[in-house]
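Report on the structure given below.
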Amino acid sequence: MPNEVKSLNEECGVFGVFGAQEASQITYLGLHNLQHRGQEGAGIVSSDGKKLYQHRDRGLLSKVFADEADLDKLVGDRAIGHVRYSTTGNNSIANVQPFLFHFYDGEIALAHNGNLVNAVSLRRQLEEAGAVFQSTSDSEILMHLLRQNKHLGLIPALKKSLNQVHGGFAFLLLTKDKLIAALDPNGIRPLCIGRMANGAYVVASESAALDIVEAKFVRDVQPGELIIIDQQGMKIDHFTTNTQLAVCSMEFIYFARPDSIIHGVNVHTARKNMGRLLAQEAPAQADIVIGVPNSSLSAASGYAEEIGLPYEMGLVKNQYVARTFIQPNQALRERGVKLKLSAVRGVVKGKRVVVVDDSIVRGTTSKQIVKMLKQAGASEVHVRIASPAFRFPCFYGIDISTRSELIAARYSVDEIKELIGADSLSYLSVASLIKAIDLPDKGDAPNGGLTVAYFNGKYPTKLDDYEAGYLASLKAQTAREEGKK
């Protein structure tokens, strides 16, 4: 969701490099192309093979490293970096990653993208065993588990620890002589490997981060893999072979940059396919098609091409306004939409408009956009959503973990249409979403190798600590629906 007026908040972005001079500067560039994945904090840890060096702070990458001296002090030819949005833990400096841990037998840095569904119970067990946590982030749990198992040796201890954490995760760890990457058994969070012309290895959340440092794409990290990079090169290992690909479909719908490639699929192409299939499923009698900047523009162009209508710029985004999702209440959020987007009166006045968006979460933004377009003179506004209805929570790294926050969990499509003031409303089907993305390496994985649980409630993992609350929300939803009858 790069620079969007939205109600979902991203996960995080991780980047690592091994074997390149000025590794911290390369990591800074890589994080720049991952900034859309988190704006609350950023940090880099580097190593010269003897010692680890850290700088981190809250805010955008450019703010955190506004003083070049903070980057220059991060010496060495290996580094990991992180841009953060807090899916768990509050926005304090203690939660900004990468974490750097100092032990009597060495130093380890850790960066994490995703969310652990058994974090609460694991933390309780660890604290009862004497562990002292320095942050409220679930990411720190892995390090405590690693130390608990340290008698096994680093790699065996890490393998055991990774099998104790559940959920969606992409971890990067840096020691003085190793860069290690690990991906959850379902590959829910994306992670890829590249190689620079000088032979240095790069690991990043998205391939767009490889491009900015001119690293050639090598491969995606596969579910359950443990990638170990050191002076001898890269070794591919596994912490589990009990795996089943289930990439987060929201990466393609919403989060990733359009120029990124995830498991062989270009994000822009996938979104354009979503728009084309949406036009086939839900055509509208209209004059023009417009998209909601920015992540909906690809889908809108696909919709317009398929239906044979002009694709116009009916909404303009102000690039220099702070992100609205941080606003503390609904009234300020609604005002933030007006600050961010403007309708182009000369384009929409007197026209029947199809507005294509990538999702409806709480409904605030959609309602404001419809109102804005009608105030600008649109005679009709037909809303088309290039993803299925977001009816179930995400427990793997998006900050929606209760159904009460999701408008589609509480209202029918017709009711949502009335609530947002649209003349019509349609969503893309789950089947068409899977067809639009069409992962080439899905094998016989269910749902085309994608996590589509947000739309159908079929999660690829156990929900552990979230299970009771989730089942209670389903029960409450059933009661509400019965009450409507």
(request) Identify all residues within the range 383-406 that are at pLDDT 95 or above and aliphatic (A, V, I, L, M); write none if there are none. (result) Val383, Ile385, Ala386, Ala389
(message) One residue is enough: does the range 461-469 have a residue meeting the conditions of a type in the set (Phe, Trp, Tyr), in the same structural domain as Gln285 (by TED's automatic domain parsing) and out of contact with any strand residue (DSSP E or B) (no Cβ under 8 Å at 6 or more places or on another chain)?
(response) yes
(request) Check Arg480 against each of (1) at pLDDT below 95; (2) under 26 Å from the mean Cα position of the chain (by Cα) and name the one condition it does not meet. (result) (2)
(request) Kindly indicate the residue of the range 300-322 that is in contact (Cβ under 8 Å) with a residue 24 or more places away in the chain and surrounded by fewer than 15 Cβ atoms within 10 Å (Cβ to Cβ) and also nearest to Glu281 (Cα to Cα) among those meeting that condition. (result) Met313
(request) Filter the strands (runs of 3 or more DSSP E) completely within the range 170-250 down to those with at least 1 residues that are among the small types (Gly, Ala, Ser). (result) 179-183, 192-195, 201-204, 233-238
(message) Checking Gly224 against (1) surrounded by 21 or more Cβ atoms within 10 Å (Cβ to Cβ); (2) more than 20 Å from Lys442 (Cβ to Cβ); (3) without any contact (Cβ under 8 Å) to a residue 60 or more places away in the chain: exactly one of these is not met. Which one?
(response) (2)
(request) Looking only at the range 142-162, decide whether some residue is over 21 Å from Ile228 (Cα atoms), surrounded by fewer than 16 Cβ atoms within 10 Å (Cβ to Cβ) and not aromatic (Phe, Trp, Tyr). (result) no
(message) All but one of (1) free of Cβ contacts under 8 Å to residues at least 12 places away in the same chain; (2) surrounded by 19 or more Cβ atoms within 10 Å (Cβ to Cβ) hold for Leu428; state the number of the condition that does not hold.
(response) (1)
(message) Could you list, ordered by first residue, the pairs with Cβ atoms under 6 Å in which the first is in the range 96-118 and over 22 Å from Leu191 (Cα atoms) and the second is part of a strand (DSSP E or B), at least 6 apart or interchain?
(response) Phe101/Ile108; Glu107/Leu52
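The values are calculated or read from the model by the stated rules, or taken from the named source; none is laboratory data. On a predicted model such as this, the values are computed, not experimentally measured, just so you know. Reconstructed Cβ throughout: ideal geometry from the backbone, glycine too, with neighbour counts over all protein chains shown.
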